[in-house]
Amino acid sequence: MASAQSFALLFDRLGEPMITPKGEQNALFRLTEQHLGDNYQANGIELNNRFGDSASEEILLANMKNVPEFRKAKKLPHDADFSLFLPAHQEMADEVLDVLLGIPENELQQFLSTCVFTRVNLNPQLFNYCYSVALMHRRDTRNVPIQNLAETFPSKFMDSQVFGQARETAAISAQGVPRIPIIIPRDYTATDLDIEHRMAYFREDIGVNLHHWHWHLIYPFSANQLSIVAKDRRGELFYYMHSQIIARYNGERLNNSLARVKKFSNWNEPIPEAYFPKLDSLTTSRGWPPRQANMVWQDLNRPVDGLNITVNDMKRWRRNVEEAISTGLVRNRDGTTKPLDIDTLGNMIESSALSPNSELYGALHNNGHSFTAYMHDPTHRYLEQFGVMADESTTMRDPFFYRWHGFIDDLFQKFKESTHVRPYTRSELENPGVQISSVRVESGTGEMNTLNTFWMQSDVDLSRGLDFSERGPVYARFTHLNHRSFKYVIDVNNTGDARRATVRIFMAPKFDERNLPWILSDQRKMFIEMDRFVVPLNAGQNTITRQSTESSVTIPFEQSFRDLSAQSGNPRAENLASFNFCGCGWPQHMLVPKGTEAGAPYDLFVMLSNYDLDSVNNPDGSEMSCVEASSFCGLKDRLYPDRRSMGYPFDRPSSSVANIQDFILPNMSLVDVTIRLQNVTEQNPRNPQN
Ligand code: CUO
């Protein structure tokens with residue numbers, strides 16, 4: 001039977017061959033001659049049969065009507081790393097996706113059989129990506145949970161030293177000795193001699209990196225089936241989600257006595273930020289290459305990756321993009337022009353398959369990742385793989401990610417600051433008849449308008465990614481930022497009739513790096529979105545209460561680190577139709593910036609906007625069974641749930657006011673809050689062993 005369970009098992013231990021049983025319960029795929037792959041042609045069936053004796057369940061595979069050729073994809077060795085930023089790898093993924101999405105929806109057995117064939121014959125990372133995208137985009141497999149990448153490829157998320165210990169733990173505990181979690185120290189990639197290391201808790205957070213990987217899985221930039229790419233406002237969301245990452249990162253820098261990140265603008269300049277990832281690739285058995293301080297971008301010529309680009313190519317594309325921004329006009333492929341908008345600009349800069357003219361505008365953003373990832377071996381002379389910058393699940397670990405995305409964000413901001421984007425008029429900001437009378441933040445500790453952060457240790461199970469070792473959970477315990485949950489209480493007076501409003505909550509540091517109050521044109525770029533939700537307003541007085549755990553920006557801790565083996569047998573599986581969308585979202589534990597032990601002053605901004613100008617015509621979303629993080633991730637198969645420009649009301653400069661105090665209208669409110677770090681480490685109460 002091609003059950004959701006069988007599909008979920010294909011994520012199990014991607015480095016192990018298909019002839020062996022899969023999953024905790026030892027389920028065996030019954031392979032046919034078609035599924036043996038090169039290594040097991042001679043004795044595969046016999047070996048597969050032998051494992052049948054110990055298997056709890058057998059999964060039969062249909063004979064494939066069409067055996068895929070995978071002419072391009074087969075060229076990627078099993079032990080190579082895979083990156084979507086490389087043109088050659090993109091073409092491979094497109095080829096595989098064409099096959100997996102081309103199998104008719106009513107032929108699930110054919111699909112399963114072809115997926116097994118694909119897993120056997122292709123590079124595990126390439127398979128994992130294409131398989132995840134296919135499961136997510138086929139209607140008949142939407143209930144199959146996508147395995148959490150930190151479980152499939154744990155080596156992309158934590159110190160490689162863990163894995164030797166993990167194998168030892170697995171082997172010893174197979175003899176009945178209780179498993180002790182393996183502690184990952186908080187500081188393992190550098191020391192405080194490197195000032196950038198102060199940001200490691202943010203850059204190397206597992207939930208943050210999972211979010212970023214998941215976002216790009218939902219919003220691929222390339223596919224032959226354009227409908228996969230062409231989601232509602234995906235170019236604008238590319239800009240907004242990354243822009244919010246930069247805002248959050250800059251705020252955290254101030255909390256760590258660092259200046260805002262310096263955008264990478266002069267591409268001939270050495271890059272002082274070094275990064276030594278301490279990650280190993282378990283599939284390739286090679287360490288990820290580090291980057292020394294003061295290296296310089298080099299022209300890339302790596303035929304094996306389909307990369308042949310010069311720094312001058314990048315400069316030419318940049319000039320063309322900058323020209324489009326300054327003229328407000330896009331040149332299409334056929335020579336016609338059209339007015340530039342933010343969504344087009346996002347697709348053009350990234351670039352995605354929706355770019356209006358990739359010849360002219362290139363792929364600035366993607367290639368910036370590649371240039372940085374290959375600085376150590378730009379011509380493949382040393383047969384080296386890419387650094388962390390070229391993998392969406394590791395790129396946010398590198399300090400340079402923020403310098404590169406600082407540059408990318410600045411292009412978007414230049415457009416927002418240009419004459420082609422009109423500042424908001426008062427009528428676009430106000431909400432006549434709606435007045436906020438007070439806002440306060442209450443947290444468990446009793447101190448009003450104070451947010452409390454602290455450190456927490458949580459466990460992730462590595463066993464599903466620990467190829468060739470004993471079964472049973474093996475936990476790695478990592479330390480991350482967290483905060484005490486809190487709620488917003490907003491009193492509103494509505495002098496008009498009953499109606500709806502959108503509550504928009506943002507926060508920004510109150511002072512800049514010199515401890516001076518901001519001018520609004522700078523502070524607007526520091527505002528991080530905390531929540532956005534629609535409320536009914538009665539006529540007269542209303543009190544709105546909202547819990548921090550309900551935020552539209554975040555997903556709960558368990559959703560970031562969910563245990564999928566438990567989920568796939570869940571009788572609620574039918575309701576998990578949107579599940580795969582639901583791994584996308586900023587991790588709840590990173591909602592509140594770190595603050596400082598002395599208490600960091602922040603501006604909390606609350607606005608109730610006019611719902612008539614916010615609403616989109618979405619069908620009721622009651623089928624969602626998870627907490628959605630629609631602010632950064634949108635909604636599955638529906639329109640982005642807010643008609644305003646993303647980032648409204650701070651997405652563009654104000655024409656008339658210079659500071660945030662003067663920006664405030666009756667439907668808005670500004671409150672002083674303090675973020676105080678308690679420098680203590682607590683155990684996550686959900687850890688299996690405390
Ligand atoms: Cu998300 Cu540059 O796009 O990493």
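Read-outs throughout are calculated quantities, based only on the coordinates presented, and are distinct from any laboratory measurement. Note that the structure is a prediction, hence the values are computed from the model and not measured. Neighbour counts run over all protein chains shown; Cβ positions are idealised from the backbone, glycine included.
In this label model, N256 and K338 are separated by 4.2 nm, measuring between points 7 Å along each Cα→Cβ vector.
Counted by neighbouring Cβ atoms within 10 Å, the residues H214, H242, H376 run from fewest to most as H376, H242, H214. Sorted from greatest to least, the principal axis extents spanned by the alpha carbons of the range 4-141 come out as 44, 32, 28 Å.
In the neighborhood of P87, defined by Cβ-to-Cβ distances under 15 Å, what is the net charge if each Lys or Arg adds +1 and each Asp or Glu adds -1? Result for the neighbourhood of P87: -4.
The HN-Hα couplings worked out from phi for the range 77-84 by the Karplus form 6.51 cos²θ - 1.76 cosθ + 1.60 (θ = phi - 60°) are x, 4, 9, 9, 7, 10, 9, 5 Hz, whole numbers, x standing for Gly and Pro. As a proxy for reagent exposure, ranking F663, F632 by other Cβ atoms within 10 Å from fewest up yields F663, F632.
Residue exposure proxy: S227, S630, ordered by other Cβ atoms within 10 angstrom of their Cβ from fewest to most, comes out as S227, S630. Checking the table K231/K525; K414/K525; K75/K156; K263/K525; K487/K594; K75/K315 against a 21 Å threshold on Cα-Cα, which pairs fail? From K231/K525; K414/K525; K75/K156; K263/K525; K487/K594; K75/K315, over 21 Å: K231/K525; K75/K156; K75/K315. Listed by chain and number, the aspartates and glutamates placed with their C-alpha closer than 15 angstrom to that of K72 are E91, D94, E95, D98, D305; residues fewer than eight positions away on the same chain are left out. Near the amide H of L61, within less than 5 Å, lie the amide hydrogens of R30, all on another chain or at least 5 residues away, with H placed in the peptide plane. With respect to the chain, whose longest principal axis is taken over its alpha-carbon atoms, helix 234-255 is tilted by about 70°.
Normalising by the residue count of the chain, find the relative contact order in percent from Cα pairs under 8 Å and 6+ residues apart. 16 percent. Only the Cβ atoms of Lys and Arg (+1) and of Asp and Glu (-1) were treated as charged; on that basis the dipole of the range 4-141 about its Cα centre amounts to roughly 120 debye.
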